[in-house]
There are 6 protein chains.
Amino acid sequence: MNKVTVCRKAHFNAAHKLYNSDWTDARNTLVFGKCSNPNFHGHNYELIVSVKGPIHPETGFVMDMKELKKIMNEEIIDVFDHKNLNEEVAEFENLNPTAENISVVIWNKLRPLIDKKLELTVTLYETPRNFVIFSGE
Amino acid sequence: MNKVTVCRKAHFNAAHKLYNSDWTDARNTLVFGKCSNPNFHGHNYELIVSVKGPIHPETGFVMDMKELKKIMNEEIIDVFDHKNLNEEVAEFENLNPTAENISVVIWNKLRPLIDKKLELTVTLYETPRNFVIFSGE
Amino acid sequence: MNKVTVCRKAHFNAAHKLYNSDWTDARNTLVFGKCSNPNFHGHNYELIVSVKGPIHPETGFVMDMKELKKIMNEEIIDVFDHKNLNEEVAEFENLNPTAENISVVIWNKLRPLIDKKLELTVTLYETPRNFVIFSGE
Amino acid sequence: MNKVTVCRKAHFNAAHKLYNSDWTDARNTLVFGKCSNPNFHGHNYELIVSVKGPIHPETGFVMDMKELKKIMNEEIIDVFDHKNLNEEVAEFENLNPTAENISVVIWNKLRPLIDKKLELTVTLYETPRNFVIFSGE
Amino acid sequence: MNKVTVCRKAHFNAAHKLYNSDWTDARNTLVFGKCSNPNFHGHNYELIVSVKGPIHPETGFVMDMKELKKIMNEEIIDVFDHKNLNEEVAEFENLNPTAENISVVIWNKLRPLIDKKLELTVTLYETPRNFVIFSGE
Amino acid sequence: MNKVTVCRKAHFNAAHKLYNSDWTDARNTLVFGKCSNPNFHGHNYELIVSVKGPIHPETGFVMDMKELKKIMNEEIIDVFDHKNLNEEVAEFENLNPTAENISVVIWNKLRPLIDKKLELTVTLYETPRNFVIFSGE
């Protein structure tokens, strides 16, 4: 039973700032530099969701990409796109929206909706030069 | 005298919203949709600055790219990167920061600093799927 | 009145073969090589539509990209995507679907739907290594 | 003995349709949607073949890329490029040419030709937004 | 008679240094900085050759891309690839191999081999962040 | 404790040749072909450094990317950029600068400077079509 990883790209544009509300503003500036600008900055996030599992012999699919695309749109893109992550996405009310934390949030939102037998990995490009990968480890 | 166009890429990350302050909020939402989110969203802007002119016979350069890179950093990247364009960049105090308007603002900031004999073009990617080009016409 | 070019990317996947029905099969093979395979081959076409014109002072737009996206989807993507260009797209019934001819067909389909005051250019990538540009000249 | 993964890109253009010959046409359309168009559609497939193993101390190579390129051209590109996968590639006579199945076919064709001590992985982009990875698991 | 621009990409890897033999070494270092390193550095050059002209009604081609590819390989890639431009390419014996000058040399080598009725443009990426365009003006 | 992989891109341009000094020139040419050109050729190397570990609960970072960027610049970019790897980088005095060996050298230079609890991977693109990955195995 061949196990293949299938990957699907999507994208969303959002504003954020890096900020730890337990710290003073001075400490936020010291640690996060210009990323802590209180007026926010933003990114074109490119998201790759990967699922790994056996090929279904009847369809030749690991998972129907049309279904994965639908889940990604409903759970992630519709919620994050053209939003201010700090101000408008519930998960970041008390969580600093670093790329690392965003990837974990996305993974946790998708995991219950994807067959448990499939391994799930989230890759998130914050810029073309910075990206993160989370597999639920 | 061969005329060559020389192009240099740079990038900045910024927050913005599309907003016409002469309009009601309802009209802003009607025209600009989710781009008018009052909490802002953001982009990784990729900027290409092009200068066209004769090759200098001694250097083989149209313009020293080290000099162009320095001008781009000082005039554009240091001013726009990790900023909220609506709130923190003077040019957009009364100007809607659409990609079109941003490209004109960048062109106007660079034009006085580049030899008048060189033609100047600004290309600005707001996302990998949307971009604009302005040559001062 | 600043004139800016605004560009929007989209994509479609299609099958085609290069074939001149006025020629013998032998001549088709001689001229078009493996591109004339009677069983078809295919491409991921990447399409960039560019419109050039003055920035509207109220919106900061040359043209609302949401509107351009809608026109591109309805006129081109919905008609060409996952199709066999030779067999299923009326314009190619008697026209060889080379990248050159496809770009002209796309331009002709879009031209009547875009404000006459705006200049229109179609860029079409047949592969990442082959692409064409048509501006209605 | 340092183990490095060495990766080489190539590409081919092909037509295909998704189709299970054990099903009715109605069921094929229901499951595969526009991908089951009987007239075929197509893609620019981008292929990355990766081999992992120790660096040979005399050459500094894991495997001579010129040799890998030759194998990829003879076994895959010459056989798949500008072809109709369903109609002209023997492996898909009774196998649905999904990206998943294509990646397994490619892996099985390459495996006997590459040193058994090297791990082999095939990555296949069907479009810039959909890709699959197979490592023989 | 529709005029289309047809573009073809190729690539070569080469070493070079920027150096004006009429200058002292000190002046070369002052003007060209680390690019004048006497031991050379190098680039993956990406070349795009564009030809513009009417579509031939029988073929649907502006120019047969197989022919253009052959000319590019014979005249440019075979001559420049894996070479030291300063030491091994005759045109740069007394000409500084800046991207600007390389683009003019390529244009001059290709011009006599391409139908005079077709306009010729050479785009040369020295890096993904620096590129030049020459159209024979 | 979620473990995330964080990746940062950088780039350098360098000259090199493939050469084993224990071999005759004839054998070097036989094995390395045009890559053994004694006058050197060169590449735009694109480097991705990845570190994997738990997210720090206070910062939301696996590792501060500003710190990783600084280490990459000081240890790799400043040492390799615009250099002749064979002639000017001490590690390659007796080591053939294949992509494989360069990736191991980079890994060994970075490893002592990055927290031992973080896993380190180096990905190095020699060209957009050839790349290698080393994780210290």
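Every condition in (1) open to solvent by less than 50 Å² (accessible area, probe 1.4 Å); (2) in a loop (DSSP other than H, G, I, E, B) is met by D:Val104 except one, and the failing one is (2). Scanning the range F:1-19 for residues that are open to solvent by 20 Å² or more (accessible area, probe 1.4 Å) and outside any strand (DSSP E or B) yields F:Met1, F:Asn2, F:Lys17, F:Tyr19. Scanning the range E:20-37 for residues that are within 27 Å of E:Thr123 (Cα to Cα) and either facing another protein chain (nearest Cβ under 8 Å) or at pLDDT 95 or above (or both) returns E:Asn20, E:Asn28, E:Val31, E:Phe32, E:Gly33, E:Lys34, E:Cys35, E:Ser36, E:Asn37.
crowded, with 20+ Cβ neighbours inside 10 Å and facing chain C (nearest Cβ under 9 Å): does that describe B:Asn96? Reasoning before the result, please.
Numbers: crowded, with 20+ Cβ neighbours inside 10 Å: yes; facing chain C (nearest Cβ under 9 Å): yes.
Here the answer is yes, as B:Asn96 does meet what is asked.
Could you please find all residues in the range A:1-18 being within 14 Å of chain B (Cβ to nearest Cβ) and either under 18 Å from A:Val122 (Cβ atoms) or touching a His at 6+ places or on another chain (Cβ under 6 Å) (or both)? Across the range A:1-18, the qualifying residues are A:Lys9, A:Ala10, A:His11, A:Phe12, A:Asn13, A:Ala14, A:Ala15, A:His16. Filtering the range A:24-46 to residues that are open to solvent by 30 Å² or more (accessible area, probe 1.4 Å) and out of contact with any strand residue (DSSP E or B) (no Cβ under 8 Å at 6 or more places or on another chain) leaves A:Thr24, A:Asp25, A:Ala26, A:Arg27, A:Thr29, A:Leu30, A:Pro38.
Among C:Leu68, C:Leu124, which is open to solvent by less than 30 Å² (accessible area, probe 1.4 Å), more than 29 Å from C:Asn28 (Cβ to Cβ) and either part of a strand (DSSP E or B) or not β-branched (Val, Ile, Thr) (or both)?
Answer to the selection: C:Leu68.
Restricting F:Phe40, F:Phe61 to residues that are on the phi < 0 side of the Ramachandran plot and among the aromatic types (Phe, Trp, Tyr) narrows the list to F:Phe61. A single member of F:Leu120, F:Leu124 is within 14 Å of chain E (Cβ to nearest Cβ) and either in contact with a Phe, Trp or Tyr (Cβ under 7 Å, 6 or more places away or on another chain) or small (Gly, Ala, Ser) (or both), and it is F:Leu124. Inside the range B:90-114, residues that are in contact (Cβ under 8 Å) with a residue 40 or more places away in the chain and touching a strand residue (DSSP E or B) at 6+ places or on another chain (Cβ under 7 Å) make up a count of 5.
Within the range E:85-101, being within 25 Å of B:Val51 (Cβ to Cβ) and of a type in the set (A, V, I, L, M) holds for E:Leu85, E:Leu95, E:Ala99. Residue-level analysis places D:Val49 among those that are surrounded by 18 or more Cβ atoms within 10 Å (Cβ to Cβ), modelled with pLDDT of 95 or more, under 18 Å from the mean Cα position of the chain (by Cα) and under 24 Å from D:Thr123 (Cβ atoms).
Would you be able to say whether some residue in the range A:77-84 is open to solvent by 10 Å² or more (accessible area, probe 1.4 Å), within 14 Å of chain D (Cβ to nearest Cβ) and either of a type in the set (Lys, Arg) or farther than 18 Å from F:Pro54 by Cβ (or both)?
Scanning the range A:77-84 turns up at least one residue that is open to solvent by 10 Å² or more (accessible area, probe 1.4 Å), within 14 Å of chain D (Cβ to nearest Cβ) and either of a type in the set (Lys, Arg) or farther than 18 Å from F:Pro54 by Cβ (or both).
Given (1) closer than 30 Å to C:Asn101 by Cα; (2) buried (at least 18 other Cβ atoms within 10 Å of the Cβ); (3) among the charged types (D, E, K, R), identify the lone condition not met by E:Glu119. With respect to (1) closer than 30 Å to C:Asn101 by Cα; (2) buried (at least 18 other Cβ atoms within 10 Å of the Cβ); (3) among the charged types (D, E, K, R), E:Glu119 is out only on (2). Contact map, the range B:56-72: residues that are within 7 Å of chain E (Cβ to nearest Cβ) paired with residues that are open to solvent by 40 Å² or more (accessible area, probe 1.4 Å) and assigned to a loop (DSSP other than H, G, I, E, B), Cβ distance under 9 Å, separation 6+ or inter-chain. Pairs shown: B:Glu58/E:Asp22; B:Gly60/E:Leu95; B:Val62/B:His56. Annotation: C:Asn108 fulfils all but one of (1) farther than 24 Å from E:Lys66 by Cα; (2) more than 10 Å from every other protein chain (Cβ to nearest Cβ); (3) among the polar types (S, T, N, Q); the unmet one is (2). Residue-level analysis places E:Gly42 among those that are part of a strand (DSSP E or B), without any contact (Cβ under 8 Å) to a residue 60 or more places away in the chain and within 14 Å of chain F (Cβ to nearest Cβ).
The values are calculated or read from the model by the stated rules, or taken from the named source; none is laboratory data. Values in this document were obtained by computation on a predicted structure and should not be read as measured data. Every residue, glycine among them, receives a Cβ derived from its backbone with ideal geometry; neighbour counts consider all protein chains shown. For the accessible areas, the whole protein counts, side chains as well, though only heavy atoms, and no ligand, DNA or RNA atoms are used. Shrake-Rupley method; radii C 1.70, N 1.55, O 1.52, S 1.80 Å.
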